[in-house]
Amino acid sequence: MKFQTLLFDLDGTVTDSGPGILNSVRYALEKAGMRSADEEELRSFIGPPLHEQFQRFCGITAEQAKKMVSLYREYYTEKGIFENRVYDGVIPVLGRLKERGCRILLATSKPEVFARTILETRQVLPCFQVVVGAELDGSRTDKAEVIQAVLEKLG
């Protein structure tokens, strides 16, 4: 095989996490008394770091965005984290890659603790040699920082 090390993202690559993310954003907006939006607008929350997206979407300060992330996580940690699914065909592909000796790595802007829970509950965590995500305190959310941490773990 030409490539021996493969780096995957979680949201939108391994899993369809849209329902959990969108429901968590709706919850946060409602709890904060802010306007909700249609699904297409809310899809902008899938991918980028939450605090940055809340600032852009709501036109709020970094401090206010921290509160929004906290509200988001109220829902996400209880329900939203489980409102996702592994895309069809991903598990067999990861299994074949692992059988062929590939190092399969995951780098996500989602907090690592959430990423690991998702991978574990969807029974795909054993496919990955390294899993790195953001920290809950809001650090290491930039994708370049996450990838750098993956490379450091590989040595």
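Per-structure values
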item: Antiparallel bridge percentage (DSSP; both residues within the chain; nearest 5); result: 20
item: Convex hull projection area averaged over all views, the chain, Cα basis, nm²; result: 9.3
item: Highest-first arrangement of 34-43, 142-151, where packing means the average Cβ count within 10 Å; result: 142-151, 34-43
item: Sum of side-chain charges, Glu41 neighbourhood, beta-carbon under 14 Å (Lys, Arg +1; Asp, Glu -1); result: +1
item: Cα Rg over Rh - the range 69-148, Kirkwood; result: 1.00
item: Positive dipole terminus of the chain, leading residue within Leu22, Gln148, Thr61 (C-beta point charges); result: Gln148
item: Of the chymotrypsin sites (Phe, Trp or Tyr not before Pro) in the range 3-59, those whose Cβ has at most 13 other Cβ within 10 Å and which sit in DSSP loop; result: Phe3
item: Relative contact order computed over the chain (Cα-Cα under 8 Å; 6+ residues apart), in percent; result: 27
item: Rounded tilt (10° steps) of 18-31 against the dominant C-alpha axis of the chain; result: 20
item: Rounded D (µm²/s) - the range 53-95, Kirkwood Rh over Cα pairs, Stokes-Einstein at 4 °C, 1.567 mPa s; result: 103
item: Alpha carbon centroid spacing (whole Å) that separates the range 1-67 from the range 122-155; result: 18
item: Val93 accessible area, 1.4 Å probe, all protein chains in place, Å² to nearest 10; result: 60
item: Estimated [θ] at 222 nm from DSSP helical runs (n ≥ 4, -39500 (n - 2.57)) normalised by residues in the chain, nearest 500; result: -15000 deg cm²/dmol
item: Rounded to 10°, Cα long-axis angle of helix 62-78 versus longest principal axis of the chain; result: 60
item: The range 36-136 - percent of accessible surface contributed by carbon and sulfur, probe 1.4 Å; result: 50
item: Leu154/Phe82 FRET efficiency (R0 30 Å; Cβ-Cβ; nearest 0.05); result: 0.50
item: Lys31-Arg103 pseudo-label distance in nm [points 7 Å out on the Cα-to-Cβ vector]; result: 3.9
item: For the chain: accessible area per residue (Å², 1.4 Å); result: 54
item: Assigned charges on the beta-carbon of Lys, Arg, Asp, Glu; the chain dipole about Cα centre (debye); result: 420
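The values are calculated or read from the model by the stated rules, or taken from the named source; none is laboratory data. Remember, predicted model here, so these are calculated numbers, not experimental data. Ideal geometry is used to build each Cβ from the backbone, glycine not excepted, and the neighbour counts take in all protein chains shown. Surface accessibility is based on the protein's heavy atoms, side chains included, excluding ligands, DNA and RNA. Shrake-Rupley method; radii C 1.70, N 1.55, O 1.52, S 1.80 Å.
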